[in-house]
1. Hey, among L112, L148, L137, L152, which residue is modelled with pLDDT under 95, touching a Leu at 6+ places or on another chain (Cβ under 8 Å) and either aliphatic (A, V, I, L, M) or not assigned by TED's automatic domain parsing to the domain that holds A219 (or both)?
2. Give me a count of the residues in the range 179-208 that are in a helix (DSSP H, G or I) and under 24 Å from A232 (Cα atoms).
3. Do any residues in the range 5-18 that are at positive phi have Cβ atoms under 8 Å from those of residues that are part of a loop (DSSP other than H, G, I, E, B), where the two are at least six apart or on different chains, and which pairs are they?
4. Mind counting the residues in the range 236-283 that are surrounded by 15 or more Cβ atoms within 10 Å (Cβ to Cβ) and not in a helix (DSSP H, G or I)?
5. Would you point out the residue of the range 62-85, among those that are in a loop (DSSP other than H, G, I, E, B) and under 18 Å from the mean Cα position of the chain (by Cα), that is nearest to L21 (Cα to Cα)?
6. Do we find that P209 is farther than 23 Å from H177 by Cβ, surrounded by fewer than 15 Cβ atoms within 10 Å (Cβ to Cβ) and not charged (D, E, K, R) in this structure?
7. Which numbered condition in (1) in contact (Cβ under 8 Å) with a residue 12 or more places away in the chain; (2) assigned to a helix (DSSP H, G or I) is the only one that G142 fails?
8. Can you name the condition, by its number, that S85 falls short on among (1) in contact with a Gly (Cβ under 7 Å, 6 or more places away or on another chain); (2) hydroxyl-bearing (S, T, Y); (3) within 19 Å of P203 (Cα to Cα)?
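The values are calculated or read from the model by the stated rules, or taken from the named source; none is laboratory data. The structure displayed is predicted, hence computed values, not measured ones. Cβ placement follows ideal geometry from the backbone for every residue including glycine, while neighbour counts extend to all protein chains displayed.
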Amino acid sequence: MHRQPGDGWVECACGSRHWGLNGAAGLLLWRIAEDGPELVLQHRALWSHHGGTWGLPGGALSDGETPVAGAVREAVEEAGLDATSLRVHAARALVHPDWSYTTVVAEAVGPLDPHVSDPESLEIAWVPLDDLADHELLPAFGDALPELRTMLRRLVLVVDAANVVGSRPDGWWADRHGATERLRDHLAGAGPAGIDAAAVGLPGQTWFPRVVLVTEGAARGVAPVDGVEVVAAPGSGDDAVVDTVARLAADGVNEVVVATADRELRRRVEALGARTVGPRLVRH
């Protein structure tokens with residue numbers, strides 16, 4: 001096989017050898033089928049490390065490559081996946097003294113036909129989550145599976161624009177529309193970096209939420225941009241936030257986080273099952 005940048009073994013201080021001079025990453029791709037969640041798994045070639053076991057498509061990171069980009073690239077190369085038909089939701093990092101492995105969790109959002117597309121696999125298949133006990137798993141994947149099971153969810157971050165903008169005395173009152181646009185642009189720019197899992201009480205290391213900015217009053221005309229949806233409240237901004245949370249729950253979104261410091265609004269959305277965080281997490 002042709003050697004790629006980043007290929008090679010790392011002699012780690014933990015006492016083991018790990019593949020990937022820059023670390024490694026794999027893609028845990030899931031979908032909801034009629035009988036429950038399914039994962040795309042790779043039956044590893046017999047000549048590979050832990051050959052014959054089932055794990056995730058993945059491999060060594062190239063020079064300068066992020067774990068998300070590397071996991072998606074490897075899945076495209078090894079499982080014939082279409083990167084435009086999946087959405088990355090989260091990442092979980094296993095960190096050793098001299099090496100790390102990142103599991104990138106993504107959901108199928110379009111037609112996908114996973115199949116063997118290079119010599120590293122015996123088989124690529126959708127496997128029901130409940131059937132994993134019938135497969136011999138790659139040991140590290142088996143160890144991570146209990147936490148990974150809890151990460152098969154969608155996260156939406158709903159931002160109370162008026163409250164977040166008003167949480168910092170930077171002159172926003174002179175131009176509410178402009179201040180809200182700056183918040184929107186900050187949210188869009190911060191999107192690729194994701195949100196710290198601990199900050200929103202979720203498992204793993206990083207989450208990449210869908211972002212919904214709720215505007216009101218003078219900021220009602222702020223337009224959406226890539227990475228940030230905008231809901232313009234016809235009246236009360238608080239009511240629009242509550243309506244947005246209720247709509248998301250009805251659409252099957254199982255994790256909603258609302259950014260606001262408004263105590264009454266926090267009470268209302270938490271009654272609907274949403275989590276809440278303060279403005280500091282999202283403001284620029």
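1. Working: L148 fails: modelled with pLDDT under 95; L137 fails: modelled with pLDDT under 95; L152 fails: modelled with pLDDT under 95.
It is L112.
2. First, pick out the residues of the range 179-208 that are in a helix (DSSP H, G or I): 179-193, 197-200.
Retained after the next criterion (residues that are under 24 Å from A232 (Cα atoms)): 179-191.
Here the count works out to 13.
3. G6/G20; G6/N22; G6/L61; G6/S62; G6/D63; G6/E65; G8/G20
4. Step one: filter the range 236-283 for residues surrounded by 15 or more Cβ atoms within 10 Å (Cβ to Cβ), giving 237-246, 248-249, 253, 255-262, 265-266, 268-269, 274-279, 281-283.
This time we only want the ones that are not in a helix (DSSP H, G or I), so: 253, 255-262, 274-278, 282-283.
Looking only at that region, the number is 16.
5. Quick first cut of the range 62-85, residues in a loop (DSSP other than H, G, I, E, B) only: 62-66, 80-82.
Right, trim to under 18 Å from the mean Cα position of the chain (by Cα) and you get 65-66, 81-82.
Values: E65: 12, T66: 13, L81: 25, D82: 26 Å.
Looking at the filtered set, the residue picked out is E65.
6. Against the criterion (farther than 23 Å from H177 by Cβ, surrounded by fewer than 15 Cβ atoms within 10 Å (Cβ to Cβ) and not charged (D, E, K, R)), P209 does not qualify.
7. So the condition that G142 fails would be (1).
8. (3)
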